[in-house]
Amino acid sequence: MINLIPSGYNRITTSSTKKRKVICCGAIVAVILLVMALTALVPAIPSTTYKSSDEFVKSRMENGRYVNSFNPEYKFPSLGAVLWWKLTTQVNTRLPKTIEELDKFLPVIRYEKPEELYRTTPGLRFNWIGHASCFVQMNNFRFLVDPVFSERCGITSFIGPKRFRPPALTTNDLPEDLDAIFISHNHFDHLDYPSVKSLNARYGKRLTWFCGRGTRQWFLDSHVQNVVELDWWEEYHFAKKGVNIAFCPAQHWSRRTAFDQNKSLWGGYAISDATHRFYFAGDTGYTHNISIFREIGKKYGPFDLSAIPIGAYEPQWMMAAQHVSPSEAVQIHIDVQSKKSIGIHWGTWALTDEYFMEPPEKLSQAVKINQLDPSSFIVVKHGEIFDLS
């Protein structure tokens, strides 16, 4: 587990807080501000929506694009909202300036021999690679979720946020008998072409890839075979390892180009065998007064272990519809009936405005407020092995 504040280190003075500097002429600024004023700044999600029925929510497309069908009041943030955020908010991440300082907060554990990673006895082993990327071993079923090994998450290798923590594992560290890869959605910090290419080059047809509806063609175009495309609540039986896989709903969106917004489906996964149950939430906002996470817990829980996002949530007026806060992550943990959960989707890229070590701090507070066992929902170091028997 991570020591949130290393001794002798003053986080307040690590790096100065600066406003984003935007250099442009006065006329352009005036036009942008006028556009923003005229464009409704859509709230991320209303505090109340509607109460769903006992039926499991189904995915739905409108005009050829998927929608968050369980929440009719969900609205995608407007362009004006995005511009307002980028132009006016402060950079509050306060990232340390040196690798040595970062290592005090977020050490990356590496293994000299790949065999040190592999579990050879029955049980569940979890290894956090960074952000949403995880390596999981469930008895003899070994798989990755949202593997991204690249330095940047963006449309090219030189565009997009740059890692401040390297991946704890790479393609060459993985076992020969890797079985499957699960992709939650097609955003660049979850689906990375260079990483897919390297995994495909090593494993080829030996791997089975899982994704939401509308994503399979991207894999085929990338020369990846053995791709299973799933709808919400659709299930797949991985017969050779006796594993059941279900694609679960989440509140999010998808896009890789200017023209494909929401043409593919997003979600999480419930993965189980005869002895263990694992839940990967993917990217999601919390569905207040809508019971999709309780439905997941009812249908597939209780889970022995869950990987739930806890970062990239500030400013909440902008991010709440798509990314849960730590307190909302704890509510998901409760809703899906998770016995143990590990916080992911933080500590790797500075995607949003919160202090880079705030997610685990707020997670600890939320666990205490909900009077849960402190060990029931934790964070781990990059590369740290977490075992359950």
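Of the numbered conditions (1) farther than 25 Å from residue 69 by Cα; (2) touching an Asp or Glu at 6+ places or on another chain (Cβ under 8 Å), residue 309 satisfies every one except a single condition; which is it?
(1) is the only condition that residue 309 fails.
Collect the residues in the stretch 214-243 that are on the phi > 0 side of the Ramachandran plot and under 21 Å from the mean Cα position of the chain (by Cα), keeping them in residue-number order.
Residues satisfying the conditions are 214, 233.
Go through the stretch 247-273 and give me each residue that's under 17 Å from the mean Cα position of the chain (by Cα) and of a type in the set (A, V, I, L, M, F, W, C).
Hits for the stretch 247-273 are 247, 248, 250, 253, 265, 266, 270, 271.
Here's the yes/no breakdown for (1) closer than 19 Å to residue 228 by Cβ; (2) in contact with a helix residue (DSSP H, G or I) (Cβ under 7 Å, 6 or more places away or on another chain):
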site	(1), (2)
256	no, no
267	yes, no
271	yes, no
278	yes, no
282	yes, no
286	no, yes
305	no, no
310	no, yes
324	no, yes
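Just to verify a result, which residue in the stretch 112-154, among those that are open to solvent by 10 Å² or more (accessible area, probe 1.4 Å) and free of Cβ contacts under 8 Å to residues at least 24 places away in the same chain, is nearest to residue 185 (Cα to Cα)?
So the residue we want is 152.
Taking the stretch 283-320 as the search range and keeping residues that are of a type in the set (A, V, I, L, M) and within 22 Å of residue 145 (Cβ to Cβ), which one is modelled with the lowest pLDDT?
First pass over the stretch 283-320, keeping only residues of a type in the set (A, V, I, L, M): 290, 292, 296, 305, 307-308, 310, 312, 318-320.
Next, from what is left, pick out any that are within 22 Å of residue 145 (Cβ to Cβ): 292, 296, 305, 307-308, 310, 312, 319.
On the way: 292: 94, 296: 97, 305: 98, 307: 98, 308: 98, 310: 98, 312: 95, 319: 90.
Step by step, filter the stretch 283-320, then rank; the result is 319.
Which pairs turn up if I take residues in the stretch 314-325 that are closer than 11 Å to residue 359 by Cβ and look for partners that are among the hydrophobic types (A, V, I, L, M, F, W, C) with beta carbon separation below 7 Å, at least 6 apart in sequence or on another chain?
From the stretch 314-325, the pairs are 323/312; 324/332.
Is it the case, given these coordinates, that residue 291 is among the small types (Gly, Ala, Ser), open to solvent by less than 30 Å² (accessible area, probe 1.4 Å) and touching a His at 6+ places or on another chain (Cβ under 9 Å)?
No; evaluated as a whole, the condition is false for this residue.
Picking from 271, 290, which residue would you name as being of a type in the set (Val, Ile, Thr), part of a strand (DSSP E or B), in contact with a strand residue (DSSP E or B) (Cβ under 9 Å, 6 or more places away or on another chain) and touching a residue at least 12 places away in the same chain (Cβ under 8 Å)?
271 is the lone residue from the list that is of a type in the set (Val, Ile, Thr), part of a strand (DSSP E or B), in contact with a strand residue (DSSP E or B) (Cβ under 9 Å, 6 or more places away or on another chain) and touching a residue at least 12 places away in the same chain (Cβ under 8 Å).
Under 7 Å between Cβ atoms, at least 6 apart or on separate chains: pull out the pairs that start in the stretch 84-110 with a residue that is under 16 Å from residue 317 (Cα atoms) and end on any residue that is open to solvent by 60 Å² or more (accessible area, probe 1.4 Å) and aliphatic (A, V, I, L, M).
Listed pairs, sorted by first residue: 84/41; 87/22.
Could you look through the stretch 50-108, keep only residues that are part of a loop (DSSP other than H, G, I, E, B) and basic (Lys, Arg), and pick out the one that is modelled with the lowest pLDDT? I'd like the intermediate steps shown before the answer.
So in the stretch 50-108, the residues part of a loop (DSSP other than H, G, I, E, B) come out as 50-59, 63-64, 68-78, 89, 92-98, 106-107.
Still in the running and basic (Lys, Arg): 51, 58, 75, 94, 97.
Numbers: 51: 38, 58: 87, 75: 77, 94: 91, 97: 90.
Top of the filtered list is 51.
Here is a yes/no grid of residues against (1) over 27 Å from residue 117 (Cβ atoms); (2) open to solvent by 10 Å² or more (accessible area, probe 1.4 Å):
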site: 357; (1), (2): no, no
site: 362; (1), (2): yes, yes
site: 366; (1), (2): yes, no
site: 380; (1), (2): no, no
site: 383; (1), (2): no, no
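Surrounded by 21 or more Cβ atoms within 10 Å (Cβ to Cβ) and either under 19 Å from residue 262 (Cβ atoms) or within 18 Å of the chain's Cα centre (by Cα) (or both): is that true of residue 164 in this structure?
Judged against the criteria, residue 164 is not a match.
Restricting attention to the stretch 220-232, does a residue exist that is surrounded by fewer than 21 Cβ atoms within 10 Å (Cβ to Cβ), in contact with an Asp or Glu (Cβ under 7 Å, 6 or more places away or on another chain) and under 22 Å from residue 296 (Cα atoms)?
no
Report, by residue number, each residue of the stretch 304-350 that is under 23 Å from residue 167 (Cβ atoms), in contact with a Lys or Arg (Cβ under 8 Å, 6 or more places away or on another chain) and open to solvent by 10 Å² or more (accessible area, probe 1.4 Å).
Passing the criteria: only 349.
The values are calculated or read from the model by the stated rules, or taken from the named source; none is laboratory data. On a predicted model such as this, the values are computed, not experimentally measured, just so you know. All Cβ positions, glycine included, derive from the backbone under ideal geometry; neighbour counts span all protein chains shown. The accessibility values were calculated without ligands, DNA or RNA, using every heavy atom of the protein model including side chains. Shrake-Rupley method; radii C 1.70, N 1.55, O 1.52, S 1.80 Å.
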